[in-house]
Amino acid sequence: SSKQVLGSQIICNQMAMSLLFSRTAASLLSNTIITAATPCSSAVACRNISKRSLAVLLVATSARAFSSAGVPSSATVTDSSAFLRRKTSTAASSKNYGGIFGLASNRFGGGNGGSFSNIIANTRGGSSFSRDVRRFSSTVEATEAMDEVKTAASKMTAEEKLKAMRREMEACGVDVYLVPSDDPHLSEYVPAAYMRRGYLTDFHGSAGTALVTAEKAHLWTDSRYFNEASMCLDSNHWELMKQGQPKVPTITKYLSDLAKKHYAKEKKVLKVGIDAYVHSAAFAKDLEEAFANAAKEVGDELKEVATNGDAAKGDAVPPIIAEIDTLDGKQNMVDSIWGERPALPKNPFRVHPMEYAGATVADKVARIRSEMKEKKASLAVFSALDDVAYLFNVRCTGDVETCPVGIAYASISHDGVCLYCDDEKVNPEEVAEHLKEAGAIVRPYGDIVSDIKTHLDDDKKNKVWLDTSRSNYALSRVIPSKSLVDAQNPVTPMKATKNDAEMEGMRRAHVVDGAAMANFMAWLERAITVEKRTVSEVEVDEVLTGYRAKQPGFREVSFPTIAGVGPNGAIVHYRAAEGSELLKELDGNTPILIDSGGQYDYGTTDVTRTWYFGEDPGEEFRDMYTRVLKGNIGVDTMIFPENTPGFVLDVFARKALWEAGRDYGHGTGHGVGAALNVHEGPHSISPRWANKEVMKLGMVTSNEPGFYDDGKFGIRIENLLEVVDATPATTAEMADAEATNGDGEPPAKKQKRDSDGRKKFLKFARLTLIPIQKNLIDLDIMTESELNWLDAYHEEVLEKVAPLLEEGSPAMNWLVKSCEKIERKTA
């Protein structure tokens, strides 16, 4: 028939187009690649387009064409993926281009996932399992940066690097050298240029400090990374120090004890070398106090010996047994041995619009100045990158992996506002105009220390407000103690308690994130249960990030995706990589833990689910899964008095696990930024009582209990929650609030309270909108109220996410099935 002929012509045209695109891509990839640093004068917001990203776009579009033509997308994309790997995994390249589809989103069309999806036709969960954006790797930027570091590090063995370090130490006259994870802003994730600890130790987790002496080398890290670090370190040359474990000293305790031994043996001062710009001021202060206390102990011992021999010597002054040497004027010691250290990034800022920010720069400055007046501070200095981004209503992509922040400092005086950054960061006309309207002056990045000195020299009565726990030692040491206001900076609580616009953006981000996850899970379930094929952890990352990239306003992932199959799920911060010995394939017989999130223009997401596609995961797995879920529900349903610290809530996450003699080593909840860092303070939900920050209206926190059986599996169920009001004015409102769990009242709509003297109460409302796998639950240990909670949650998920999906699409079918009421056991 004519329809059949026309259909055949369309299919042929689509296949021909796909072939043309693939050949064009091959031609582009065979030529010299334009680097990310190559300027593109006409690019929006000074972004760059490379031959590589264009080739990626063409291959993606070819996959779409084959899919539309009725050719199975799995065959097409597998072929194109293999083609890309062949074309890019050459020995001459130090970067991993296996996941280069991410560049099509991050560097094409201004980095907006929506504009890219317009180019390749957004399916919104259409009927075909198109994988046109399959290779949007969540870690493409991070992986390339990490690969640069790993490639450089692999050119020297652990023994060779330590020998080189010790030669530098001897030349500089230090006995110990400390290498932390930090950059000058104490960021959790750092640019490749600051991955010094990773380069030196070959352990690339986000937390850890290396300590090198003439004879030994140690690495301290926390429980999230015990497994990973033990696998990465060369045990012949490095000793893993599992911080927080019995008989494992802190770094300050280790060094103070070493100082005493060194003085007793050598009668010399122990010289501890540090780079003042990458250690916190608080750490330097703690170390100095530890040395002073150790010196006093040595002095008391000497005094006792002296008194026994000669009473006249009993008043001897305690000796100096150790001191910090910041090695001013010398290069960071790791840089001295790092031959191919990457350059510092200088990506431009972009304006974060008022519709998402909710407050002007002028409003924020006015609030800060008011608090400065109360603190009697003449200058406030801000070092943390997310504080600076929040203060100036700007964001940046590319400086720090997965974090929308740019490298900069800020200061506010009673008559001036300064942004310290490289000129390239404020080159976009929109940014320059925005800062001008805010009354901000742009100063060179390196002038921050000298400007603090100048401010103090101008008037001896001037005082500087600096949060030493979040600022580097180079900043604090130029401020005399009498001129220092050391307290939590005013941006921290402002940023933590979201305004109406910020919270609305967070809610919107979680709705579109739910749609992305529905598309992804429909694809993954089909691949495992229908196609009966295996899926690698890297492919899981790439496909999931691809579906997120198709959502409007998507910028990048909010952290490198954790996709851990089987035993890899027990590595809390695992990161899959092609070629890794740990890389595993998902099938119907093993569970997978997926912890992922997205950075959207309007909000930030973070969610963890554990999935299993077989018939029976086993009694132990089912029991632990259910207890983790019970812990999640326990925190979610809490109603608590205002000013309750987060650690008070932690026990409710662990109760069900404790009843079975089980536990997990990490905290239960962390703060989350609004279109900012996925890990944000000051609050947390954790068994560590040191953090006494209270939960406040408008805060966002994660709720992520877990269980990890090393070598077998890991389980974690994570939702993000917003803190809302739970103090109804009447008994009727209280009943309604308990039924809705706060969904009906945004934080800004405060009811009248305290008129009858009642205490204010708070509770949580859920942000995350992704189903929880029901057939893994042991109904025998679930209460009726917990099952009701699960049904109510799934009803909410379906109501909010379904409008973004097409009726009858695989994603919609998966969502509807996943949100059905759970079957109860009959009596």
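Each reported figure results from applying straightforward, stated rules to the coordinates on display, with no laboratory input. Values in this document were obtained by computation on a predicted structure and should not be read as measured data. Using ideal geometry, Cβ is built from the backbone for each residue, glycine included, and neighbour counts are taken over all protein chains shown.
The protection proxy used here, the mean number of other Cβ atoms lying within 10 Å of each residue, ranks peptides 604-614, 468-478 as follows, highest first: 604-614, 468-478. Let me know the whole percent of all Cα-Cα pairs from region 452-531 that are separated by more than 16 Å. Counting every Cα pair in region 452-531, those more than 16 Å apart make up 70 percent.
How high is the FRET efficiency between N427 and D300 when r is their beta carbon distance and R₀ equals 56 Å, given to the nearest 0.05?
On the way: r = 60 Å, r/R0 = 1.08.
That pair, N427 with D300, gives E of 0.40.
Between I639 and K265, the modelled label-to-label distance comes to 6.3 nm, taking each label 7 Å out from Cα in the direction of the beta carbon.
Built from the Cα atoms of region 625-714, the convex hull projects on average onto 6.5 nm², one quarter of its surface area.
Summarising the amide proton neighbourhood of V394: residues at separation of 5 or more, or on other chains, whose placed amide H is nearer than 5 Å comprise H352. Among the trypsin sites (Lys or Arg not before Pro) within region 322-382, those in coil by DSSP and having at most 12 neighbouring Cβ atoms inside 10 Å are K376.
Between R758 and Q331, full extension at 0.36 nm per residue minus the direct alpha carbon distance yields a gain of 147.7 nm. With the cut-off at 1.5 for a/c, could you classify region 210-257 from its C-alpha gyration tensor as rounded, prolate or oblate? Oblate shape, in that a/c is at least 1.5 and b/c is the bigger or equal ratio. Counted by Cβ distance under 13 Å from S370, the other residues give a net charge of +3, where Lys and Arg count +1 and Asp and Glu count -1. Counting only the Cα atoms, region 404-560 fills a convex hull of 174 Å³ per residue.
A 26 angstrom limit on the alpha carbon distance is what I want to check against. Which of K461/K696; K375/K495; K584/K800; K253/K692; K163/K265; K364/K436 exceed it?
Numbers: K461/K696 35 Å; K375/K495 19 Å; K584/K800 34 Å; K253/K692 24 Å; K163/K265 24 Å; K364/K436 15 Å.
Pairs exceeding 26 Å: K461/K696; K584/K800.
With the simple model of a label 7 Å out from the Cα in the direction of the Cβ, A362 to D709 spans 6.2 nm.
Specify, per residue and in Å³, the volume enclosed by the convex hull of the alpha carbon atoms belonging to region 336-452.
Values: hull volume 14.1 nm³, N = 117.
Value for region 336-452: 121 Å³ per residue.
Kirkwood analysis of the Cα pair distances in region 566-708 returns a hydrodynamic radius of 16.7 Å. Measuring between their Cα centroids, region 313-376 and region 481-515 lie 20 Å from each other.
Sort 333-341, 816-824 by the packing proxy (mean of other Cβ within 10 Å over each peptide's residues), most packed first. Could the numbers behind the result be given before it?
Values: 333-341: 18.2, 816-824: 14.3.
Highest mean packing first, the order is 333-341, 816-824.
PRE reach from E340 (point 7 Å along Cα→Cβ): which of region 145-182 fall under 17 Å by backbone N? Counting only backbone N, you get 145-158, 161.
Pop the C-beta distance of A292 and E620 into the FRET formula with R0 = 51 Å and round what comes out to the nearest 0.05. After rounding to 0.05, the efficiency reads 0.50. Within region 551-619, list the GluC sites (Glu not before Pro) lying in a DSSP loop whose Cβ has at most 13 other Cβ atoms in a 10 Å radius. For GluC sites (Glu not before Pro) across region 551-619 that sit outside H, G, I, E and B with at most 13 neighbouring Cβ atoms in 10 Å, the list reads E581, E615.
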